[in-house]
Amino acid sequence: MNCSGGRTDGPPLVRQQTGTSSLAMAILRAVATAENIDPQSLGPLGDVVDPEALERFLDDPDSAAHVTFSYAGHRVVVTDEAVEVY
């Protein structure tokens with residue numbers, strides 16, 4: 001998990017708002033949409049990042065933090081507002 005660094009220069013393939021479901025589900029749906037596959041076809045998210053730790057890290061409403069990691073061949077950027085898949 002990379003907690004530093006910037007976003008990718010180009011627009012994301014997918015931008016999924018967070019807040020309507022769990023953060024893990026938002027990540028899975030966003031990556032599955034980018035791949036045009038069913039979310040259940042993806043490997044376990046927990047093999048790449050700890051979803052509970054990620055939620056705790058981003059839980060501070062005053063934080064402007066983001067987390068970047070690779071998953072299913074994509075760069076994933078997660079903020080408290082959205083999941084972006086590049």
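Readers should treat all values here as calculations from the given coordinates under stated rules, not as data from a laboratory. Remember, predicted model here, so these are calculated numbers, not experimental data. Glycine gets a Cβ as well: all are built from the backbone with ideal geometry, and neighbour counts include every protein chain shown.
General remarks:
- Check: the chain dipole with +1 on Lys, Arg Cβ and -1 on Asp, Glu Cβ, in debye: 280
- Peptide packing for 21-33, 65-77 was compared via the average number of neighbouring C-beta atoms within 10 Å per residue; ordered from the highest value, the list is 21-33, 65-77.
- FRET efficiency, 1/(1 + (r/R0)^6) with R0 25 Å, evaluated for residue 65 and residue 36 via beta carbons: 0.25
- Sites residue 17 and residue 55, calculated FRET efficiency, Cβ-Cβ separation with R0 22 Å, nearest 0.05: 0.90
- Highest mean packing comes first when the peptides 78-85, 46-53 are listed by Cβ atoms within 10 Å, giving 78-85, 46-53.
- Rounded to the nearest 10 degrees, the angle from helix 23-35 to the longest Cα principal axis of the chain is 40 degrees.
- Computed across the chain, the Kirkwood hydrodynamic radius from all distinct Cα-Cα pairs reaches 12.8 Å.
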